[in-house]
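Contents: one structure, followed by commentary.
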Amino acid sequence: ALLALQGCAGVQNPAERRAQQHLQSGRQYLTEGLMDSALAAFGLALEENPKLVEAHMGMGEIYRQRGQYDLAENAYSKAAQFEPDNFDAHYYSGLMQQLLGMVRNAVNSYLRALAIDPNSFDANQSLASAYLQLARPADALPYALRATELKADSQPAWANLAATYSLLNRHDEAVEAYRQALELGEAAEPLLLGLAEAHVRLTHYERAINVLQSLVRMKPSSTAYERMGYAQFKLRLFDQALASYRTAMSIDSRDPAVLNGLGVCLMTLYIQSGRTDAAQRTEALDAWRRSIQIRPNQPRIVDLMIRYQRL
């Protein structure tokens, strides 16, 4: 009797055997790029064994590649439920949650993944990014730093760290991080804008202008010209600032920052001229009025309008 029991214990039950056969087929289809067939095979495997983690992971991968993030998140979450020590299940569940806007859930999933593998670059980088989305830069900082330590040649990691320092008002460190990011790859617009903004915050207006001039030569934008106008205005280069604001207006005439800056520049020139050019005052007030129509909650601009309407 004991021998018979031992023999039975070594035999796979029929349902599990079928599940493994379907799983093997799914792997093969996945290798061959036959996604629909792979998805069906993984589904059949789960019909035989709903707790088969590799089938859930396979379905998650297919849904993720197709951009069906809700279905992918469900598959990865089930895999994590059945195998709590599976790093990939927790990490990809978090990634899908972040893409779906479920950022707080994503933070928890990334933390579970890091509990399994604290040295994962992807998990540290993604967690820092999620904390930034939640406007929690202090929480993001250790993970953003760790990501640059784990992969010092990653431009996205240094960009993430630079953005974190900026939000913490540590602008000197932000400048260094942005420079490091720019040395590692393409001089992308967000990096140059971030570097210029850090210089503005440090009152390094000439440096900000130099960065922005290089940016507008490659990719003109209303934001770049608006920031350039602001830096020129702070240097009291009012005519140059006005030209920059007008260029920004020609690109995007509904940007409140551009309209506000244009109004301030025109009103300053009006006052400097001894209030002789009434057209400047009229245009300034009109710019502020349009800005308020686009974005009503601007008490400082409303105050400026009230004050200078009396001039």
| message | Order 289-298, 234-243 from most to least packed using the mean count of other Cβ atoms within 10 Å. | response | 234-243, 289-298
| request: Taking the dipole about the Cα centre of the chain, with the C-beta of Lys and Arg at +1 and of Asp and Glu at -1, give me whichever of Met218, Gln20, Ala144 is farthest to the positive side. | output: Met218
| request: At most 14 other Cβ atoms within 10 Å and a DSSP loop assignment: could you name the trypsin sites (Lys or Arg not before Pro) in segment 20-93 that fit? | output: Lys51, Arg66
| said: Placing unit charges on C-beta atoms (Lys and Arg positive, Asp and Glu negative, everything else neutral), compute the dipole magnitude of the chain about its Cα centre in debye, rounded to 20. | reply: 1460
| request: Label segment 85-191 by shape, choosing from rounded, prolate and oblate, from the square roots a ≥ b ≥ c of the eigenvalues of the Cα gyration tensor; if a/c is under 1.5 it is rounded, and otherwise prolate applies when a/b is larger than b/c, oblate when it is not. | output: prolate
| By the gyration tensor of its Cα atoms, with a ≥ b ≥ c the square roots of the eigenvalues, what is the shape of segment 55-135: rounded for a/c under 1.5, prolate for a/b over b/c, or oblate? | oblate
| request: Straight distance only, please: which lysines reach the Cα of Lys78 with their own Cα at less than 17 Å, same-chain residues fewer than 8 apart left out? | output: Lys51
| request: Over the chain, give the accessible area per residue in Å² for a 1.4 Å probe, as an integer. | output: 52
| remark: Each label sits 7 Å from Cα toward the beta-carbon; between Leu99 and Gln213 the label points are separated, in nm, by 4.3
| query | For the pair Arg307 and Thr203, what calculated FRET efficiency results from E = 1/(1 + (r/R0)^6), where r is the Cβ-Cβ distance and R0 = 30 Å, to the nearest 0.05? | reply | 0.70
| task | Quantify, in whole percent, the carbon and sulfur part of the accessible surface of the chain (1.4 Å probe; protein heavy atoms only). | result | 50
| message | What's the ranking of 122-131, 274-283 by average number of surrounding C-beta atoms within 10 Å, highest first? | response | 122-131, 274-283
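The values are calculated or read from the model by the stated rules, or taken from the named source; none is laboratory data. Quick caveat: nothing in here was measured; it's all calculated off a predicted structure. We place every Cβ from the backbone using ideal geometry, glycine too, and count neighbours over all the protein chains shown. With ligands, DNA and RNA removed, areas are computed over all heavy atoms of the protein, side chains included. Shrake-Rupley method; radii C 1.70, N 1.55, O 1.52, S 1.80 Å.
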